[in-house]
Every structure is written in structure tokens, then in C-alpha cells.
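Novice: Just passing along the structure, written as C-alpha cells.
The values are calculated or read from the model by the stated rules, or taken from the named source; none is laboratory data. In this text the structure is predicted, and so the values were computed from the model without any measurement. In this analysis, Cβ positions are derived from the backbone assuming ideal geometry, glycine residues included, and neighbour counts consider all displayed protein chains. Surface areas here come from the heavy atoms of the whole protein model, side chains and all, with no ligands, DNA or RNA. Shrake-Rupley method; radii C 1.70, N 1.55, O 1.52, S 1.80 Å.
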Amino acid sequence: MSDAVALLGKQIDVQLSGKKTFKGILADLSTDILVLFNGQQYLYLPMLHVHRFNLSTEIDEEIKFSIESPMMEEMASISYRKTLVNAKGIFSEIHVAGHIPLHGYITNVFNDYFAFYSPVYKMMYVSLHHLQWLTPYYQHATPYDLNKESFPVNPTGMPMLRSLEDQLKKNAGKLVVFDGGDDPMKIGVLKKVENNLAELTTASGNNVFLKLSHIKTVYMP
């Protein structure tokens with residue numbers, strides 16, 4: 001990381017998994033997260049999905065530091081987990097691999113997933129391994145311009161366990177939607193979770209086994 005920090009404050013190009021590319025100023029860097037300012041927003045990119053970054057050969061003159069990060073507290077040293085904890089309660093946009101952008105609030109951060117409250121999907125579980133980037137908005141912003149009092153930023157009465165596997169075991173017997181529901185084979189009643197596999201009964205009555213490590217998001221209608 002010693003040579004890479006020489007790029008701090010400079011304009012870089014970044015490529016993520018899926019050949020997604022960004023251009024911006026490198027605002028911060030650690031072994032597990034990269035912070036990029038694209039001229040309008042700060043993007044927090046877990047290094048897990050960063051394939052490469054390099055000094056830009058073509059400079060975009062419109063990308064300049066003009067606004068401070070919306071994070072509520074400054075971090076003496078940045079890390080992926082600290083970033084998620086620091087973003088709790090701040091309206092944010094998250095991008096998960098192969099998923100549409102999600103808007104809402106991080107409410108809790110656990111061993112291998114975090115809880116995310118969306119006004120659309122309500123409570124969701126998001127795997128730490130599949131978050132591609134996080135963009136926090138500013139404190140006055142709210143999802144869909146809704147009144148902040150009209151939905152719970154920190155829902156209560158929802159005890160959660162430390163691992164995603166244990167949390168899913170606890171919800172066996174409920175209807176679940178994995179990875180946004182685009183695939184009908186990822187929607188069904190959760191029958192059992194064991195040996196890193198989740199067993200679903202789909203709408204057609206078929207039993208499907210999904211590997212937990214490939215599950216990106218979970219919500220329960």
C-alpha cells in the first residue's frame with residue numbers, strides 16, 4: 001500500500017468486478033476499502049471488488065474537491081467495517097453485484113452481513129462479500145423525498161444474529177427473496193439452512209439448494 005498512497009489527492013481510474021469503471025479523486029485508501037470523489041459524491045469501494053486503479057491519463061477538469069464527506073464522524077483510520085458502522089443512520093445508496101441500486105439506511109453491521117432498511121423492501125440483509133460500493137447522501141436527504149418520521153430508520157423488535165447463516169436458520173419456514181427476486185428459483189419458502197446451503201421450496205413446488213456464499217441480498221415480503 002506504500003506506493004499506492006502516493007495517489008491520494010490525485011485523479012485516478014478504477015475498475016471493479018463486472019468491468020464497471022469510475023473516474024475521480026482518490027480521497028482515502030486502506031487495505032480493504034478505497035474512497036473516491038467523483039465530483040459530486042463520495043463512493044466507498046470495498047477492495048474485494050477493485051480489480052485495478054491507476055493514475056488517470058486523461059484528466060476531467062470538472063472533478064474537484066468541493067464538498068466534505070457526509071459521514072457523521074471522521075475516522076482516524078479508515079476500514080471497510082468502520083465505514084459501514086459510520087454510515088449507520090445516514091441515507092445511502094448501495095450497489096450489490098448484479099443487483100439494482102438500493103436506497104435506505106444501514107441499521108446494524110454483523111460478522112458477514114449488514115442489516116439495511118429500505119422504504120421499498122423494508123428490512124434486508126446484505127452480504128459483506130457482495131457490496132460493490134456505498135454512496136452516503138447528506139443529512140438533509142431522505143429516500144424519495146419522504147418525511148423522515150414516516151418510516152423507522154432504526155426498526156425495533158427485530159433481534160438479529162451475528163452471522164447470515166444463523167440469521168437465515170432463525171427464519172426457516174418464512175417466504176424469502178434472494179438477490180432481488182429476478183430469478184424465480186431464488187424466491188420461495190426457506191425450508192432449511194445447513195452445510196452452507198439454503199433449501200427453498202419455489203412457487204412450483206420444486207426444492208432448490210442455494211450456496212450461502214453466493215447469496216447477495218435477502219428480504220422477506
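Novice: To the nearest 20 debye, what is the magnitude of the charge dipole of segment 1-89 about its Cα centre, counting +1 on the Cβ of each Lys and Arg and -1 on the Cβ of each Asp and Glu?
Specialist: Values: 9 positive and 11 negative charges, 76 e Å.
So the dipole magnitude of segment 1-89 works out to roughly 360 debye.
Novice: I've got another one for you. Can you tell me the FRET efficiency between E68 and L48 if r is taken as the Cβ-Cβ distance and R0 is 22 Å, rounded to the nearest 0.05? Show your work: numbers first, answer last.
Specialist: Numbers: r = 26 Å, r/R0 = 1.20.
For E68 and L48, the calculated efficiency is 0.25.
Novice: Per residue, how much accessible surface does segment 1-57 expose to a 1.4 Å probe? Answer in Å², no decimals. Intermediate values should be presented prior to the final figure.
Specialist: Details: 2760 Å² over 57 residues.
That works out to 48 Å² per residue.
Novice: Another question, then. For the residue pair M220 and S204, what label-to-label distance in nm results when each label sits 7 Å from Cα along the Cα-to-beta-carbon direction?
Specialist: 2.7 nm
Novice: Then there's this: Can you give me the three principal axis dimensions of segment 62-123 from its C-alpha atoms, in Å, biggest first?
Specialist: In descending order, the Cα extents are 34, 29, 20 Å.
Novice: Around N207, what is the net charge, scoring Lys/Arg as +1 and Asp/Glu as -1 over all other residues with Cβ under 11 Å from its Cβ? Provide the component values of the computation, followed by the final result.
Specialist: Working: positive: K191, K192; negative: E199.
Result for the neighbourhood of N207: +1.
Novice: Percent relative contact order of the chain, based on C-alpha pairs within less than 8 angstrom and at least six residues apart? Please list the in-between numbers first.
Specialist: On the way: 440 pairs, mean separation 31.3, N = 221.
About 14 percent, as a whole number.
Novice: Compute the FRET efficiency between R81 and V189 as 1/(1 + (r/R0)^6), taking r as their Cβ-Cβ distance and R0 = 25 Å, and round to the nearest 0.05. Display every interim value, and only then the final one.
Specialist: Working: r = 33 Å, r/R0 = 1.30.
Taking R0 as 25 Å, the efficiency between R81 and V189 is 0.15.
Novice: How fast does segment 26-136 diffuse by Stokes-Einstein, in µm²/s, taking the Kirkwood radius from C-alpha pairs at 4 °C and 1.567 mPa s? Can you show the working numbers first?
Specialist: Values: Rh = 14.7 Å.
After rounding, the answer is 88 µm²/s.
Novice: Jot down the radius of gyration and Dmax of the chain, Cα atoms only, both in angstrom.
Specialist: Final numbers for Rg and Dmax: 18.6, 57 Å.
Novice: Sticking with this structure for a sec: When the Karplus curve 6.51 cos²θ - 1.76 cosθ + 1.60 is applied with θ = phi - 60°, which whole-Hz ³J(HN,Hα) does each residue of segment 215-221 get, with x for Gly and Pro?
Specialist: 7, 9, 9, 9, 9, 10, x
Novice: Suppose every Lys and Arg Cβ carries +1 and every Asp and Glu Cβ carries -1, with no other charges. What dipole size does the chain come out with about its Cα centre, to the nearest 20 debye? Please report the intermediate quantities before stating the final value.
Specialist: On the way: 20 positive and 22 negative charges, 163 e Å.
Its charge dipole is roughly 780 debye.
Novice: Pop a pseudo-label 7 angstrom from the Cα along the beta-carbon direction at both V120 and L161 and give the gap in nm to one decimal.
Specialist: 3.0 nm
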